[in-house]
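Have a look at the structure below, then the notes.
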Amino acid sequence: MLETPKLGILDRMKSARRVIFQQFLTFLGVVFLILPACRPKLNQLKNGQQNGMWIVYKDSTHTTYLTKGKFKNGIQVGKWIYNSQDVIKERTEIYHGKRIKIKHYHPNGKTQVKGKARIVVEQKKLHFYYQGPWYYYLENGDLEKTVWFENGQKVKEVYKIKTGNQAYDSLNLELVQLDKDFIKYRDTLRKTADGKGKDSPEYLSLRKLAKQNDSLIYLRIEKIVGRFGYPEKIYTGDKNNVIFFIIGFAPYQIKEKYLEIFRIAAEKKEISVKDYAFFVDKYWLAKSGYQIYGTQSKFDKEYKTIFYPVKDLSGMNDRRINVGLEPVSLLDYTETK
């Protein structure tokens, strides 16, 4: 009679490991069978309200998303992420009841703006208000300014740009002041025109003061550009567009002085090429009555859009494409004589 050989300790340990491993594989198989059924469903409605995880995908492949977050009884809760069409993170929102923490991002991933907001329910309507301090940052991460809000209204703004260069710091202060000085008559002029008419003595007096104010501002801009050239974003942040914005309202004789300066700034991406195309059209329209890129229009008495004449109409769409504008129907335009 043959005797069953006795297993040593090592053999028994190996056998036990094999059994445990086989049991683990069986367990994994069961888990993988159960998981699809346990996955939470997306974009679901409950009693007519959005509930659970909610994702908006970029396309039908469902590989990249534009928006992701959770709802509870139709109300956004927790963290929400918003991406651009290029799937670059643009904004995050974190909901704590009626309070929200919001953060916007530069294309390089660094924080652009951050602050808090609150939701107020008034007569069954939801109102969204900025509240408290909001912090604005440059692309290099430096704090540009802090703005304080109360119930969505800006009550205070303090600039914090410090380049380490006294000349550029003074430039920033001058750009901020230029912006304030340029707009100080604008709202009053509009309200006076609406209330008393453009032929009223009050409006004509304010208009005269506004023109004098504008003339002084153009001289200040001339000195700035003469010393610094067109202000660069790296030193001035979002205030680098103040000069471009103001000159956009100037007579064509003033605009003409800055055509080449703005063209070079657009090449350096200090100004968008599209914005420069709009500026060029405004210049030529004011000077000669025609445009180049077809960006300028007006309304007739029936509020129908009428485009101003274009020089070289047949080549307009090629010019538009070159500056990032979409092609349009040439039938909507006329060619200058």
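Determine the gain in length on full extension of the stretch ASN73-HIS127; use 0.36 nm per residue of separation and subtract their C-alpha separation, reporting nm with one decimal. Working shown, then result.
Details: separation 54, 0.36 × 54 = 19.44 nm, distance 1.80 nm.
Taking ASN73 through HIS127 to full extension adds about 17.6 nm, to one decimal.
First measure r as the distance between the Cβ atoms of THR111 and TRP54, then evaluate 1/(1 + (r/R0)^6) with R0 = 30 Å and state the FRET efficiency to the nearest 0.05.
0.75
Under a cut-off of 17 Å between alpha-carbon atoms, report the lysines in cross-link reach of LYS198, not counting same-chain residues fewer than 8 places apart.
Within reach: LYS208, LYS211.
Under Stokes-Einstein, with the Kirkwood radius over Cα pairs standing in for Rh, what whole-number D in µm²/s applies to the stretch 164-258 at 37 °C and 0.692 mPa s?
After rounding, the answer is 226 µm²/s.
Each label point is 7 Å from the Cα along the Cα-to-Cβ direction; what then is the distance between the points at ILE261 and ASN213, in nm?
2.1 nm
For LYS304, list the lysines whose Cα falls under 22 Å from its own Cα; do not include residues on the same chain fewer than 8 positions away.
By straight Cα distance, LYS304 reaches LYS282.
Find out how many positive minus negative residues lie around GLN50, taking Lys and Arg as positive, Asp and Glu as negative, among other residues whose Cβ is under 10 Å from that of GLN50.
Result for the neighbourhood of GLN50: +3.
No lab work stands behind these numbers, since they all come straight from the coordinates. The structure displayed is predicted, hence computed values, not measured ones. Note that we place each Cβ from the backbone using ideal geometry, even for glycine, and neighbour counts take in every protein chain shown.
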